[in-house]
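The values are calculated or read from the model by the stated rules, or taken from the named source; none is laboratory data. Computed from a prediction, not measured in an experiment: that's the story for all the values here. Here the Cβ is made from the backbone with ideal geometry for all residues, glycine too, and neighbour counts use every protein chain on show. Each accessible area value is taken on the protein alone, full model and side chains, heavy atoms only, with ligands, DNA and RNA left out. Shrake-Rupley method; radii C 1.70, N 1.55, O 1.52, S 1.80 Å.
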Amino acid sequence: MPIYGRPVVDGDALYAGGEDGLLRAIDRRSGDLLWTYDAGAPIGSNAGFDDQRVFVSVRDGSVHAVSKTTGQREWRFATEGEK
C-alpha cells in the first residue's frame, strides 16, 4: 500500500492516506491501528485536520471530513477535480 502524501501527527495519533483508498489512524506511541476509513478511491495527498476532524482529498474529485474519534465520515464534498 503506497502512501504518497506525508503522514500527519496530531496529539497521540498519526493519520495517513493510501493509494488503496484507506485513511488510517495509528497510535504514534504504540503503532497500534486505531481505525480505518474507506474513502472509495485513492488518497494521494497529505491529510489536514482541526480539533475534531481529519480532511483528505480523494482522487475521485472529492474531499472527505472524517471524525478523529470514530473514523466515520462526517461529510463529503464533490469538487470539479479528477473523476
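Structural remarks
- Scan of segment 8-47 for residues that are open to solvent by less than 30 Å² (accessible area, probe 1.4 Å) and part of a strand (DSSP E or B), ordered by number: Val8, Ala13, Tyr15, Ala16, Gly17, Leu23, Ala25, Trp35, Tyr37, Ile43
- Tally of residues being under 16 Å from Ala78 (Cα atoms) and either open to solvent by less than 50 Å² (accessible area, probe 1.4 Å) or outside any loop (DSSP other than H, G, I, E, B) (or both) across segment 48-59: 4
- Filtered residues of segment 60-80 (kept if outside any strand (DSSP E or B) and either within 16 Å of Glu19 (Cβ to Cβ) or open to solvent by less than 40 Å² (accessible area, probe 1.4 Å) (or both)): Asp60, Gly61, Lys68, Gly71
- Within segment 45-59, the set of residues being of a type outside the set (Gly, Ala, Ser) and closer than 14 Å to Leu22 by Cα comprises Asn46, Val54, Phe55, Val56, Val58, Arg59.
- Some residue of segment 10-22 being in contact with a Phe, Trp or Tyr (Cβ under 8 Å, 6 or more places away or on another chain) and either at pLDDT 95 or above or among the hydrophobic types (A, V, I, L, M, F, W, C) (or both): yes
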